[in-house]
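Right, one structure below, let's go through it.
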Amino acid sequence: MNGVAVKAAHPLKHGDEIRVRVAGAERIVVVQRLLTKRVGAAVAVLCMIDKSPPPPDPIVVATLPQRDRGTGRPTKRERRETDRLLGREN
């Protein structure tokens, strides 16, 4: 919240910015109005401003390399090759 890691029970106030990673995508929400009780999703959407970046283009996502399901963690050699491809070599 506002660039600082906080626990879930931390109190919010008007104008707070909340950043959350959901399913690998970052979600950025600014509190517009506080609610005193639980409400439905349609009402909750009216109480926040969504500033999340747009999702990546499906064509770009499809071209990213993916490991086959069930192959386990990459070996040290595979990880070094991946780092080299992504330009993260030391």
Quiz item: Within segment 43-63, can one find any residue that is on the phi > 0 side of the Ramachandran plot and not aliphatic (A, V, I, L, M)?
Solution: no
Quiz item: Is one or more of the residues making up segment 21-38 at pLDDT below 85 and in a strand (DSSP E or B)?
Solution: yes
Practice problem: Determine which member of the set Gly70, Gly3, Gly15 is open to solvent by less than 70 Å² (accessible area, probe 1.4 Å), assigned to a loop (DSSP other than H, G, I, E, B) and either of a type in the set (Gly, Ala, Ser) or touching a helix residue (DSSP H, G or I) at 6+ places or on another chain (Cβ under 6 Å) (or both). | Solution: Gly15
Quiz item: Quick check: is even one residue across segment 53-62 under 20 Å from the mean Cα position of the chain (by Cα), surrounded by 10 or more Cβ atoms within 10 Å (Cβ to Cβ) and in a loop (DSSP other than H, G, I, E, B)?
Solution: yes
Quiz item: Within the set of pairs 6+ apart or on separate chains, which have a first residue in segment 10-37 that is more than 22 Å from Pro56 (Cα to Cα), a second that is open to solvent by 70 Å² or more (accessible area, probe 1.4 Å) and aliphatic (A, V, I, L, M), and C-beta atoms under 6 Å apart?
Solution: Val31/Leu12; Gln32/Ile49
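The values are calculated or read from the model by the stated rules, or taken from the named source; none is laboratory data. All values derive from a computational prediction rather than experimental measurement. No Cβ is skipped: glycine too gets one built from the backbone with ideal geometry, and neighbour counts run over all protein chains shown. Note: accessible area is taken over every heavy atom of the protein model, side chains too, but ligands, DNA and RNA are not part of it. Shrake-Rupley method; radii C 1.70, N 1.55, O 1.52, S 1.80 Å.
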